[in-house]
Amino acid sequence: MTVLLAAGTAGTILKVAYSAVIASVLISVAFALAVLGFARSADMRRVDRHVAASVYTTLAVCALVLCAAAAVYGVILVGQKS
């Protein structure tokens with residue numbers, strides 16, 4: 001128990017836990033949207049629906065940018081000294 005108390009209060013530990021759960025769910029959803037967007041884009045191109053394919057490609061690229069930004073932000077947070 002002294003290790004937990006040295007790391008911080010119970011409220012701080014709880015905040016870290018729920019923040020990690022929320023972040024991992026949101027990043028998983030964003031990456032799933034990227035996969036969906038690229039897959040549907042390929043399907044739309046095969047049936048000559050170019051506007052829909054462009055929309056799906058835009059969705060996929062935006063989702064990938066969000067995932068990359070989250071990864072960079074995580075590295076920045078880990079690298080900061082507190």
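The values are calculated or read from the model by the stated rules, or taken from the named source; none is laboratory data. Please read all numbers here as calculations on a predicted model, not as lab measurements. Reconstructed Cβ throughout: ideal geometry from the backbone, glycine too, with neighbour counts over all protein chains shown.
Restricting to the stretch 37-72, count the residues that are out of contact with any helix residue (DSSP H, G or I) (no Cβ under 7 Å at 6 or more places or on another chain) and either of a type in the set (Ser, Thr, Tyr) or over 20 Å from Ala23 (Cα atoms) (or both).
Residues flagged as out of contact with any helix residue (DSSP H, G or I) (no Cβ under 7 Å at 6 or more places or on another chain) and either of a type in the set (Ser, Thr, Tyr) or over 20 Å from Ala23 (Cα atoms) (or both) within the stretch 37-72 amount to 12.
Does any residue of the stretch 54-74 turn out to be under 14 Å from the mean Cα position of the chain (by Cα) and at pLDDT below 90?
Yes.
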